[in-house]
């Protein structure tokens with residue numbers, strides 16, 4: 001007498017097809033999750049830049065141009081003002097593999113943006129205002145933007 005324990009080849013093929021269909025449904029969602037997280041990091045970098053610029057405008061009473069250039073230098077160098085590479089702020093879309101060699105793309109700039117960069121630039125129409133824009137994966141789509149203005153002095157001269 002034969003023992004018919006186990007699965008037939010047809011049953012195994014059906015299971016493999018079902019698993020393949022489920023993988024096809026789930027793959028796009030999982031692949032987009034990494035890009036969404038990187039865009040979230042760009043938005044956080046915009047907030048960090050706004051906070052830093054606000055400090056320079058309010059506490060140190062800098063002009064927008066001085067505040068923007070000082071903020072870029074401070075934020076890209078990890079806030080400690082040194083030129084070491086271990087704590088440099090890199091673009092979330094940067095493909096850097098070893099932080100000891102530095103960033104391929106800095107997180108903050110005042111020039112034409114690359115993917116994932118935050119542009120910090122003085123507002124041309126107001127000496128005490130700074131425009132901050134964060135760019136997405138393609139380097140041309142703005143994913144977050146803020147304008148920071150110096151607080152108005154209440155004292156009259």
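Table for the structure above
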| quantity | calculated |
| --- | --- |
| Among residues of region 96-122, those that are modelled with pLDDT of 85 or more and farther than 21 Å from residue 43 by Cβ, counted | 1 |
| Top-ranked residue in region 61-95 [being under 14 Å from the mean Cα position of the chain (by Cα) and modelled with pLDDT under 75; ranked as surrounded by the most Cβ atoms within 10 Å (Cβ to Cβ)] | 88 |
| Residues within region 114-150 that are farther than 22 Å from residue 57 by Cβ and part of a loop (DSSP other than H, G, I, E, B), tallied | 9 |
| Candidates 53, 46, filtered to the one that is touching a helix residue (DSSP H, G or I) at 6+ places or on another chain (Cβ under 6 Å) and either farther than 19 Å from residue 140 by Cα or surrounded by 20 or more Cβ atoms within 10 Å (Cβ to Cβ) (or both) | 53 |
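The values are calculated or read from the model by the stated rules, or taken from the named source; none is laboratory data. Source: prediction; values computed, not measured. For neighbour counting, all protein chains shown are included, and Cβ atoms are generated from backbone atoms with ideal geometry for every residue, glycine included.
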